[in-house]
């Protein structure tokens, strides 16, 4: 075997091995990922046929498409995250308006309205992180409005609370779905309660009739199950008490 051919053979083996490490299922199954899989298959065929230079070239191209897929997935996840928080912010603003916040919480209402306009503009120019910051700022400005007509707890101590919002995570080995989210102890601790989450958030799905079609970065509201107090977003660093 000639030296150049031996080098090409080794390069092909290395690149094919890397291409073979493609996950069994892409999170979003985009065109870049499908192209990478097709090129990897062609590379393997070339390698089996002893066409090492061709195998190396195809494997390298597969890696390029996989990198594009990763970038596409990351960008789409940022979009869904920003879109999710904007939806939550608009929902809070609509609720605030319904309970008279324009009069009773005028400054907070004005700030939240301004922040959400900025969040929408940031979304439009693909400044997703800025959009998230502004949406969260609006939600924070309205945090007290939802308790306008709620009586104070009878206990003198601090009332326990659980998260009101959950941001879908990118978990490759155990993909988030309504069933698994409902199972988290800070949600309901019972996967059978998944329909409660689905019904509350189906309007945020790409296909409202398909509860399996959820994306990383989407923000779902967690409805109260038994009157428990829920506020803010889930904080992985915080310990929540068992549900009553």
In whole µm²/s, the translational diffusion coefficient that Stokes-Einstein assigns to region 160-244, given a Kirkwood hydrodynamic radius over C-alpha pairs, 4 °C and 1.567 mPa s, equals 100
For the pair residue 41/residue 224, report the inter-label distance in nm, with labels modelled 7 Å from Cα in the Cβ direction.
5.4
Mean Cα-pair separation over length for region 160-244, i.e. relative contact order, pairs under 8 Å, 6 or more apart, %:
45
Mind jotting down the distance between the C-alpha centroids of region 99-123 and region 36-81, whole Å?
46
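At a Förster radius of 41 Å, what calculated FRET efficiency corresponds to the Cβ-Cβ distance of residue 121 and residue 183, to the nearest 0.05? Can you show the working numbers first?
Details: r = 38 Å, r/R0 = 0.92.
Efficiency, from the Cβ-Cβ distance: 0.65.
Give me the extension gain from residue 210 to residue 31: residue separation times 0.36 nm, minus the current Cα-Cα distance, reported in nm with one decimal. The partial results should precede the final answer.
Numbers: separation 179, 0.36 × 179 = 64.44 nm, distance 2.17 nm.
Length difference between fully extended and current span is 62.3 nm.
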For labels at residue 111 and residue 79 in the simple 7 Å Cα→Cβ model, what's the distance in nm?
3.2
Residues of region 69-100 with backbone nitrogen within less than 20 Å of a virtual label 7 Å along the Cα-to-Cβ line of residue 129, please, listed as ranges.
70-86
What is the distance, in nm, between label points placed 7 Å from the Cα along the Cα-to-Cβ direction at residue 243 and at residue 70?
3.8
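Suppose R0 equals 30 Å. What FRET efficiency, 1/(1 + (r/R0)^6) with r the Cβ-Cβ distance, do residue 170 and residue 200 give to the nearest 0.05? Don't skip to the end; give the middle numbers.
Details: r = 22 Å, r/R0 = 0.74.
Working from the Cβ atoms, E equals 0.85.
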Per-peptide average of other Cβ atoms within 10 Å, ordering 91-98, 56-63 highest first:
56-63, 91-98
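Which ordering of 72, 105 is given by a fewest-first count of other beta-carbon atoms within 10 Å? Numbers along the way, then the final one.
Working: 72 16, 105 19.
Going from sparsest to densest Cβ surroundings: 72, 105.
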Which order do the peptides 225-233, 212-220, 42-50 take when ranked by the mean count of other beta-carbon atoms within 10 Å per residue, highest first?
212-220, 42-50, 225-233
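The numbers here are math on the coordinates, done by the rules we state, and not lab data. Predicted model only: the values in this text are computed from it and were never measured. Note that we place each Cβ from the backbone using ideal geometry, even for glycine, and neighbour counts take in every protein chain shown.
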